[in-house]
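Working notes for the structure below.
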Amino acid sequence: MIEVQNGIFGLHGKDFSCLLRVNDYGLLEQLHFGPAVQTADAPAFFCRSGLGWGESVLLKEGDTASCPDVLPLAFSVPGRGDYRESPIELAGSPADLRYHSHRILEGELSMESGLPQAHGAQQTLVITLAQEGLELELCFSLFPDALTRRCILKNTSDRPLVLTKLMSMMVDLPGDYEMTTFDGGWIAEMRKHRLPVLDSRVVNESTTGFSSHRHNPGFLLSAPGATEDSGPVYGFNLVYSGNHYASAQRSLQGLTRVMQGIGPSSFAKTLAPGRIFETPEAVLCYSDRGFGGLSERMHRFVQAHIIPPYWRERPRPVLYNSWEGCMFDFNRRRLLSLASQAKKLGCELFVLDDGWFGARNSDTAGLGDYNVNLKKLPGGLKKLSEKIKALGMDFGLWFEPESVNPDSDLYRSHPDWALTDQFEPLLGRNQLLLDLSREEVQDYLVENVSKILDQAEISYVKWDMNRHSVALGAKAHDYILGLYRVLERIFRPRPQILLESCSSGGNRFDLGMLCYGPQIWCSDNTDPIERLTIQENLSYLYPQSTFGAHVSASPHAQTLRATPLCTRGNVSFFGCLGYELDLDHLLKIERQEIQAQIEFYKLHRMAFQFGTFRRLKKGWQVSREGITLAAVFRRLVAAAPAWERLELKGLDRNKRYRLRSRPQRLRIGQFGSLVKHVAPVNLDPNGFVLRTADRHFTLPDGAQELCASGSALMAGTVLLPLFRGTGYDQNQRTLTDFGSELFIIEEEPNHAEPG
Ligand code: DGJ
């Protein structure tokens, strides 16, 4: 609910409030953003007079409460006495924007520029600040779990105006905070870093032209001492896929100024008289239930208001992707053989990745030429997709429309469509970006991609993008607007196509892309131990249904680490499950295990994809409709390990639950020379007999089953017996390095006890 009482704006979501007021000088004060309070509480947050600070500027001589430098503000301007960082820059000129008017709208205020935005707002408060020749609308949209903010700047003068910075939001928060950012690079996405916010500015910024894996736009601010389950935590994110900027800095008065918006580096917009500029939308979220509480809120917000409505809670198919198994080397026969194997394993969607068009037999040529390679695929995509359909699977296809190889017909006929600067073009993965800010380029992409989508039954698209551009410069924002236009034109008329975006993995994992497609391929790194970091850190801000998670070969291509198949499955269950490996090389026992994994995943798909996700001490859990699935992951084994406890979360204390471990099998080979002690004859552990046995037989692993109250299960009373160096015991769990185990916890019917 948004209300205005005695000049106070009260914005009240579920368990959070934001209070604003316009002071006597027309400045917008940020009285409060945090736990739920009442609008009538505003005076408790007023800054008292006597604030004027030494040499600081006063807006009115003699009134020490008129000192902009020390007030908690919701927006500030440069050059008028607030010396803290300003969210707006007009080519170096000062600004004097003061309150002009306000209005409250039902729902959200639609974007005019084509930027994506969160849908389904309850109400929007628009506060207009103005000075001669300039108007700035500050839009606050209220959602149950979050507040979003954006700005619209209008040039009301008769001269062009140059804008070099305009943040989507700014907020001054009292108190000390730590800032958590998610940084990384290719195959090393989402590394979590936490820094105290002190008097020097902490910046989270991307300058590559895209939101980037270097610095994800989403970040957190937490009170020192906040834990996974308690304490105040703020989450911020941007509905945008281009350069972004966020900063946090504490003032001498103990206010932490936070802002976020389009990255100002090489940003400049000339606004002709009468023209407007819209910023992307920033998302602000608060929880006093720690990092876990914040994530739950962010997940709900993204599910309900960011991803395309068609895909909200719509189950995602288990897919097989051809990339890691085939790379560029395939033909129709090979694909159909893989598809029929994938179908037998239980996969529902067959995705043909790179290599199906033009001269695309390696990453050096063909990008841009979307005509099917009929040598590889006689009969074209139509024929292939029909055959795959006939096997009982859906068909999906990879594209990389934003780039071009210089060795391509497209580049030869339109070299000027590639983004270059005055220097010799620099290639990234042998390719250049197309200038998506140009309408003819947008038209080419829309026509060519749509033509293919309409020529076969394609129910899924992987939209890849594998380079940054050094030549984007001031065009960066227009490029992103062009990309959004292209996505809008292709996919809005085809909402049923499942769009998974990708950029060398998670190089563009952001809320902007999620407005068009509900899934993002979060990393080319599918080593499950690496994925524990990548997926866990994504989970701070993004729900598990937004990330593709595939089981791939072991040893893993990027880490050379060997991991058990059960762990590869258990990690990938907590996302949109897929398989991406050469199926020809699977052993029968592996096929059986994969079949069982897929069957299990399908049974609990809604919980895995859309259940409430919680981070545990050594694992993850999801809960939905009375069922909780919890996985415990182990990195390195220790000899004589301490007994482990599984501490579950979010159960009903008074209900009784049955907990059972999902049966797993052990490979004989993992017992090494121990086997010779139990075998009736003395066998060489590296000899033919045991190697053959290892390929064909597995042993049951220790299973557990028990019944307990939610209270007991959350207290962590489940003891997990582990291998203790005394030989195989089928009642004991035998986790090797990188082992894992999954538990199913179900409410016991009719066992509710009186509270
Ligand atoms: C990069 C992606 O991240 C991979 O998954 C794969 O699609 C390749 N591109 C194909 O070239």
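The values are calculated or read from the model by the stated rules, or taken from the named source; none is laboratory data. Owing to the predicted nature of the structure, the values given are computational and were not obtained by experimental measurement. Note: ideal-geometry Cβ built from the backbone for every residue, glycine included; neighbour counts use all protein chains shown.
Overview of values
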| item | result |
| --- | --- |
| Per-region count, segment 170-215, residues over 21 Å from the mean Cα position of the chain (by Cα) and closer than 21 Å to A476 by Cβ | 0 |
| Failed item in (1) part of a strand (DSSP E or B); (2) over 37 Å from the mean Cα position of the chain (by Cα); (3) of a type in the set (A, V, I, L, M), with L719 passing the rest | (2) |
| Search result, residues across segment 222-233 that are in a strand (DSSP E or B) and not β-branched (V, I, T) | S222, G231 |
| Filter pass, L427 being surrounded by fewer than 17 Cβ atoms within 10 Å (Cβ to Cβ), within 16 Å of the ligand (Cβ to nearest atom) and over 30 Å from Y601 (Cβ atoms) | yes |
| Matching entry among Q558, Q592 (being in contact (Cβ under 8 Å) with a residue 24 or more places away in the chain and over 17 Å from D737 (Cα atoms)) | Q558 |
| Filter result (closer than 20 Å to C522 by Cα and either away from the ligand (no atom under 16 Å from the Cβ) or among the hydroxyl-bearing types (S, T, Y) (or both)) within segment 460-479 | Y460 |
| Flag for F671 being in the same structural domain as Q732 (by TED's automatic domain parsing), aromatic (F, W, Y) and either surrounded by fewer than 17 Cβ atoms within 10 Å (Cβ to Cβ) or in contact with a strand residue (DSSP E or B) (Cβ under 8 Å, 6 or more places away or on another chain) (or both) | no |
| All positions within segment 16-48 that are in contact with a strand residue (DSSP E or B) (Cβ under 8 Å, 6 or more places away or on another chain) and either part of a loop (DSSP other than H, G, I, E, B) or without any contact (Cβ under 8 Å) to a residue 12 or more places away in the chain (or both) | N23, Y25, G26, L27, A36, V37, Q38, F46, C47 |
| Condition check for Y234: away from the ligand (no atom under 16 Å from the Cβ), buried (at least 23 other Cβ atoms within 10 Å of the Cβ) and in contact (Cβ under 8 Å) with a residue 40 or more places away in the chain | yes |
| Restricting segment 342-379 to residues that are surrounded by fewer than 18 Cβ atoms within 10 Å (Cβ to Cβ) and more than 15 Å from the ligand (Cβ to nearest atom), the residue that is nearest to the chain's Cα centre (by Cα) | K343 |
| Selected residue (only one of R312, R316, R275, R257 is within 30 Å of G175 (Cβ to Cβ) and more than 16 Å from the ligand (Cβ to nearest atom)) | R257 |
| Yes/no for R485 being in a helix (DSSP H, G or I) and more than 16 Å from the ligand (Cβ to nearest atom) | yes |
| Qualifying residue in segment 203-213 (condition: among the β-branched types (V, I, T), surrounded by 19 or more Cβ atoms within 10 Å (Cβ to Cβ), touching a residue at least 12 places away in the same chain (Cβ under 8 Å) and not in a loop (DSSP other than H, G, I, E, B)) | no |
| Unmet criterion (only one of (1) of a type in the set (D, E); (2) within 16 Å of the ligand (Cβ to nearest atom); (3) within 32 Å of the chain's Cα centre (by Cα)) for D407 | (3) |
| Odd one out for Y516 among (1) in contact with a Leu (Cβ under 8 Å, 6 or more places away or on another chain); (2) part of a helix (DSSP H, G or I) | (2) |
| Criterion (at pLDDT 95 or above and away from the ligand (no atom under 16 Å from the Cβ)) met by exactly one of D416, D421 | D416 |
| In segment 490-509, the residues that are in contact with a Leu (Cβ under 9 Å, 6 or more places away or on another chain) and more than 16 Å from the ligand (Cβ to nearest atom) | I490, F491, R494, I497 |
| Conditions (1) surrounded by fewer than 17 Cβ atoms within 10 Å (Cβ to Cβ); (2) in a loop (DSSP other than H, G, I, E, B): number failed by E108 | (1) |
| Residues of segment 330-341 classified as outside any helix (DSSP H, G or I) and away from the ligand (no atom under 16 Å from the Cβ), total | 1 |
| Matching residues, segment 74-119, being in contact with a helix residue (DSSP H, G or I) (Cβ under 8 Å, 6 or more places away or on another chain) and at positive phi | G114 |
| Residue in segment 510-525 that is within 16 Å of the ligand (Cβ to nearest atom), out of contact with any strand residue (DSSP E or B) (no Cβ under 9 Å at 6 or more places or on another chain) and without any contact (Cβ under 8 Å) to a residue 40 or more places away in the chain present | no |
| Test result for L11, of a type in the set (A, V, I, L, M) and part of a loop (DSSP other than H, G, I, E, B) | no |
| Lone unmet requirement of (1) surrounded by fewer than 18 Cβ atoms within 10 Å (Cβ to Cβ); (2) touching a Phe, Trp or Tyr at 6+ places or on another chain (Cβ under 9 Å); (3) over 21 Å from S86 (Cα atoms) for S265 | (3) |
| Evaluation of R531 against (1) closer than 27 Å to R150 by Cα; (2) within 16 Å of the ligand (Cβ to nearest atom) (one fails), failing number | (1) |
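Condition check ((1) under 20 Å from Q341 (Cα atoms); (2) without any contact (Cβ under 8 Å) to a residue 40 or more places away in the chain; (3) outside the structural domain of G702 (by TED's automatic domain parsing)) across all residues:
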| site | (1), (2), (3) |
| --- | --- |
| P564 | no, no, yes |
| F574 | no, no, yes |
| L583 | yes, no, yes |
| Y601 | yes, no, yes |
| R634 | no, no, no |
| R645 | no, no, no |
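Conditions tested, residue by residue: (1) part of a strand (DSSP E or B); (2) among the hydrophobic types (A, V, I, L, M, F, W, C).
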site	(1), (2)
D82	no, no
S86	no, no
A95	no, yes
Y99	yes, no
I104	yes, yes
A118	no, yes
L125	yes, yes
L129	yes, yes
P144	no, no
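Every residue, every condition in (1) touching a strand residue (DSSP E or B) at 6+ places or on another chain (Cβ under 9 Å); (2) within 26 Å of P217 (Cα to Cα); (3) of a type in the set (G, A, S), yes or no:
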| position | (1), (2), (3) |
| --- | --- |
| I306 | yes, yes, no |
| R314 | yes, no, no |
| R332 | no, no, no |
| L345 | yes, no, no |
| L367 | yes, no, no |
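Here's the yes/no breakdown for (1) in a loop (DSSP other than H, G, I, E, B); (2) more than 18 Å from S241 (Cβ to Cβ):
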position: L410; (1), (2): no, yes
position: D421; (1), (2): yes, yes
position: L453; (1), (2): no, yes
position: K462; (1), (2): no, no
position: H468; (1), (2): yes, no
